[in-house]
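The values are calculated or read from the model by the stated rules, or taken from the named source; none is laboratory data. It should be emphasised that the depicted structure is a prediction, and the values quoted were computed from it without experimental measurement. Methodologically, a virtual Cβ is constructed for each residue, glycine included, from the backbone with ideal geometry; neighbour enumeration extends over all protein chains shown.
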Amino acid sequence: MYRYDQYDQAMVDTRVAEFRDQTRRRLEGKLTEDQFKPLRLQNGLYLQLHAYMLRVAVPYGTLNAAQMHVLANIADKYDRGYGHFTTRQNIQYNWIKLEDAPDILADLAAVEMHAIQTSGNCIRNISSDQFAGAAADELIDPRPYAELLRQWSSFHPEFLTLPRKFKICVIASETDRAAMKLHDIGIRIVKNAAGEIGAAFYVGGGMGRTPMIAPLIRDFVPLDQLITYSEACLRVYNRYGRRDNKYKARIKILVHELGKEEYTRQVEEEFAHLLTQGIEPPIAELERIMAHFADPAFDTAASDDLDLSNRDFALWVARNTVAHKQPGYVIANISLKPVGGIPGDASAAQIHLMADLAKEYSFDELRVTHAQNIVLPHVRKADLFTLWQKLEAAGLGAANLDTVEDIIACPGLDYCSLANARSIPVAQKISQRFAANGKTGELGELKLKISGCINACGHHHAGHIGILGVDKKGLENYQLLLGGCEGDDTSLGKITGPGFTEDGIVDAVEKATDVYLAEREEGERFLDTYRRIGMEKFKEAIYA
Amino acid sequence: MKILTGNDLKSGAVVWWTGQDWSIHVEDAVDVGDQADTILAQEEAARRVNASYAIDAEPDGERGVRPAHIKDRIRALGPTVRPDLTLKPADPNAGNWVI
């Protein structure tokens with residue numbers, strides 16, 4: 001994985017010193033909150049319901065064991081013993097004291113991490129496929145390009161005050177595991193008819209109050225023009241994106257209002273101009289970055305044999321592991337969704353353990369997924385049973401990846417000042433309901449996502465089943481959506497009708513799954529059945 | 001009744017206006033009547049508390065004060081999903097007050 005050079009380290013260290021001074025002046029009363037707020041937000045420090053919340057960037061979701069240990073230490077030393085992994089592949093701490101924030105940032109800087117650009121109207125943390133560098137279906141490893149984009153977008157002076165926040169995702173597989181088309185810019189690395197590698201650009205996607213699927217605006221950009229084309233996309237947005245209305249300021253609105261063709265025309269015009277300016281980083285820099293992402297020293301003699309005689313282990317292997325590009329290895333997913341648990345939360349002890357397991361079994365690498373789980377990307381099959389036993393013993397062995405129990409949920413009204421309703425208790429009740437009724441396995445792949453407000457941090461638009469919490473005359477109310485999907489065939493869920501109480505929404509979800517079980521045809525997932533039969537039968541059952 | 005709330009500058013903790021100072025216990029909150037804007041302006045100048053605002057609440061027997069909206073009741077007690085992290089970790093029924 002990428003390691004900081006002297007410039008990266010100097011930038012982060014300088015920012016820590018700067019923020020330490022700003023915090024001191026705030027605590028001494030020399031800065032007002034209006035003056036200080038934009039400064040703390042530039043360093044990922046929000047004020048939430050109960051305390052300050054610090055959002056730490058995890059570039060394209062990749063971590064090593066030393067970084068993971070520091071994340072655990074922060075949870076123990078400065079927070080209340082746990083962290084929350086987010087749908088942006090980051091981690092958040094909910095109970096931070098302002099006076100501790102500079103020390104936390106210094107601890108992060110010591111392991112090449114920071115919280116810069118995790119807030120504000122700038123280019124946020126670059127996201128990617130959590131299986132990058134390991135997936136069997138990958139064209140190339142997309143992370144060197146994600147890293148190049150990270151360096152380009154960090155402190156980019158032209159793009160620090162965009163009309164609104166901006167999210168970029170890079171993948172390089174046929175299978176989209178990163179909700180790529182629901183980003184402001186989604187980049188898929190592809191091969192053209194001539195066998196050349198390049199990038200397809202999807203621009204103007206997003207969730208929030210106006211969900212949109214990004215249209216393809218260019219099917220092939222040579223990789224040695226990736227930054228130049230990205231800059232052109234951003235420049236047009238920065239020039240014409242709406243600053244008069246926060247709710248219409250995202251690039252998706254600009255692309256929609258201009259039309260894909262006109263937006264693309266302007267980008268191409270800007271791109272042609274920028275090509276004359278020579279802004280693309282030198283190839284030597286890309287090569288320097290790429291050297292950090294060389295494959296680990298795989299055991300080429302590793303056996304593909306796996307003893308599945310233990311039924312619980314066999315179930316975990318079936319649900320939580322994915323094919324690796326290297327024979328004898330698998331990708332192991334650690335579910336942070338125990339039955340009745342809080343999606344994405346992990347205790348300091350669990351974070352330490354996952355770090356140790358990464359060091360011992362996965363070439364010192366971990367990934368955070370947008371589904372709020374953790375990945376050990378390179379595990380020898382011969383080590384898998386031992387690994388699973390250690391996970392089980394620590395409460396990390398839930399065998400439920402991509403099932404109805406593997407729920408994405410935002411922090412909701414339990415923690416978030418923007419939320420209208422609680423998300424976590426609904427997730428807890430649903431996972432408990434399905435664990436009790438024993439239908440989880442029978443239902444197969446079923447992606448359920450819950451947001452506590454229209455900002456959609458819980459990706460409810462993209463859930464096969466989505467739930468949106470709203471405030472109905474001071475009471476929590478939950479709308480049900482069906483038919484969303486974040487993958488290759490991205491679609492947006494549709495609201496079934498009137499909303500439900502907290503208990504009512506759990507019943508409604510179960511009724512929807514019962515319709516699926518009754519109506520499904522051979523090999524169909526919940527989403528396939530919904531797409532084939534439509535909304536009506538689901539509505540009849542849900543509102544009967 | 002009208003009460004005032006905000007977040008402590010240093011800790012970020014939720015605090016309530018007691019008439020003289022700020023307390024982390026909502027039961028210490030006092031009715032500020034029509035003085036909300038005056039007190040908020042004065043406290044803003046003192047720079048001890050962030051994001052302060054006035055809310056509706058009602059007297060609540062032994063517990064003293066109950067904010068009208070669930071968001072402020074969650075702020076007053078703590079996250080409903082982590083009773084161990086609330087201000088009343090030993091009270092198994094504390095969460096009922098929020099809902």
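Table for the structure above
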| read-out | value |
| --- | --- |
| Condition check for residue A:242: under 17 Å from residue A:162 (Cβ atoms) and part of a loop (DSSP other than H, G, I, E, B) | yes |
| Subset of region A:37-49 (residues that are facing chain B (nearest Cβ under 7 Å) and buried (at least 23 other Cβ atoms within 10 Å of the Cβ)) | A:49 |
| Lone qualifier among A:443, A:482 - being in contact with a helix residue (DSSP H, G or I) (Cβ under 6 Å, 6 or more places away or on another chain), surrounded by fewer than 23 Cβ atoms within 10 Å (Cβ to Cβ) and more than 30 Å from residue A:47 (Cα to Cα) | A:443 |
| Unique residue being closer than 15 Å to residue A:385 by Cβ and charged (D, E, K, R) when the list is A:312, A:295 | A:312 |
| Condition met for residue A:147 (more than 30 Å from residue A:468 (Cβ to Cβ) and touching a His at 6+ places or on another chain (Cβ under 8 Å)) | yes |
| Residue satisfying all of: in region A:78-91; surrounded by fewer than 23 Cβ atoms within 10 Å (Cβ to Cβ) and touching a helix residue (DSSP H, G or I) at 6+ places or on another chain (Cβ under 8 Å); nearest to the other protein chains (Cβ to nearest Cβ) among these | A:80 |
| Selection from region A:172-187 of residues that are in contact (Cβ under 8 Å) with a residue 40 or more places away in the chain and in a strand (DSSP E or B) | A:173, A:185, A:187 |
| Lone unmet requirement of (1) under 23 Å from residue A:91 (Cα atoms); (2) in contact (Cβ under 8 Å) with a residue 60 or more places away in the chain for residue A:429 | (1) |
| Residue in region A:498-506 that is away from every other protein chain (no Cβ under 14 Å), part of a helix (DSSP H, G or I) and without any contact (Cβ under 8 Å) to a residue 40 or more places away in the chain present | yes |
| Residue within region A:147-158 that is among the hydroxyl-bearing types (Ser, Thr, Tyr), within 30 Å of residue A:321 (Cβ to Cβ) and buried (at least 22 other Cβ atoms within 10 Å of the Cβ) present | no |
| Some residue of region A:166-178 being touching a strand residue (DSSP E or B) at 6+ places or on another chain (Cβ under 8 Å), crowded, with 19+ Cβ neighbours inside 10 Å, basic (Lys, Arg) and closer than 26 Å to residue A:492 by Cα | yes |
| Members of region B:1-24 found to be without any contact (Cβ under 8 Å) to a residue 40 or more places away in the chain and over 13 Å from residue B:36 (Cα atoms), listed by number | B:10, B:11, B:12, B:13, B:15, B:20, B:21, B:22, B:23 |
| Subset of region B:79-95 [more than 17 Å from the chain's Cα centre (by Cα) and either of a type in the set (Gly, Ala, Ser) or more than 10 Å from chain A (Cβ to nearest Cβ) (or both)] | B:83, B:89, B:90, B:91, B:92, B:93 |
| Qualifying positions in region B:57-99 - under 20 Å from residue A:415 (Cα atoms), surrounded by fewer than 18 Cβ atoms within 10 Å (Cβ to Cβ) and of a type in the set (A, V, I, L, M) | B:68, B:85, B:87, B:94, B:99 |
| Filter result (without any contact (Cβ under 8 Å) to a residue 60 or more places away in the chain and more than 7 Å from chain A (Cβ to nearest Cβ)) within region B:57-69 | B:57, B:58, B:59, B:60, B:61, B:62, B:63, B:64, B:66, B:68 |
| Test: residue in region A:92-100 that is away from chain B (no Cβ under 14 Å), buried (at least 21 other Cβ atoms within 10 Å of the Cβ) and under 24 Å from residue A:39 (Cα atoms) | no |
| Residue within region B:34-56 that is in contact with an Asp or Glu (Cβ under 8 Å, 6 or more places away or on another chain), surrounded by fewer than 16 Cβ atoms within 10 Å (Cβ to Cβ), part of a loop (DSSP other than H, G, I, E, B) and away from chain A (no Cβ under 13 Å) present | no |
| Meets criteria (closer than 30 Å to residue A:201 by Cα, surrounded by fewer than 19 Cβ atoms within 10 Å (Cβ to Cβ) and not assigned by TED's automatic domain parsing to the domain that holds residue A:221) for residue A:115 | no |
| Residue that is nearest to residue A:62 (Cα to Cα) [pool: residues in region A:117-140 that are among the charged types (D, E, K, R) and not in a strand (DSSP E or B)] | A:129 |
| All positions within region A:188-208 that are among the hydrophobic types (A, V, I, L, M, F, W, C) and either free of Cβ contacts under 8 Å to residues at least 12 places away in the same chain or not assigned by TED's automatic domain parsing to the domain that holds residue A:226 (or both) | A:193, A:194 |
| Criterion: buried (at least 18 other Cβ atoms within 10 Å of the Cβ), at pLDDT 95 or above and within 14 Å of chain B (Cβ to nearest Cβ) - qualifying residue of A:404, A:426, A:470 | A:426 |
| Among residues of region A:1-59, those that are more than 27 Å from the chain's Cα centre (by Cα) and assigned to a loop (DSSP other than H, G, I, E, B), counted | 5 |
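Quick grid of which residues meet (1) more than 26 Å from residue A:445 (Cβ to Cβ); (2) assigned to a helix (DSSP H, G or I); (3) modelled with pLDDT of 95 or more; (4) aliphatic (A, V, I, L, M):
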position	(1), (2), (3), (4)
A:268	yes, yes, yes, no
A:274	yes, yes, yes, yes
A:280	yes, no, yes, no
A:299	yes, no, yes, no
A:313	no, yes, yes, no
A:317	no, yes, yes, yes
A:323	no, no, yes, yes
A:364	yes, no, yes, no
A:372	no, no, yes, no
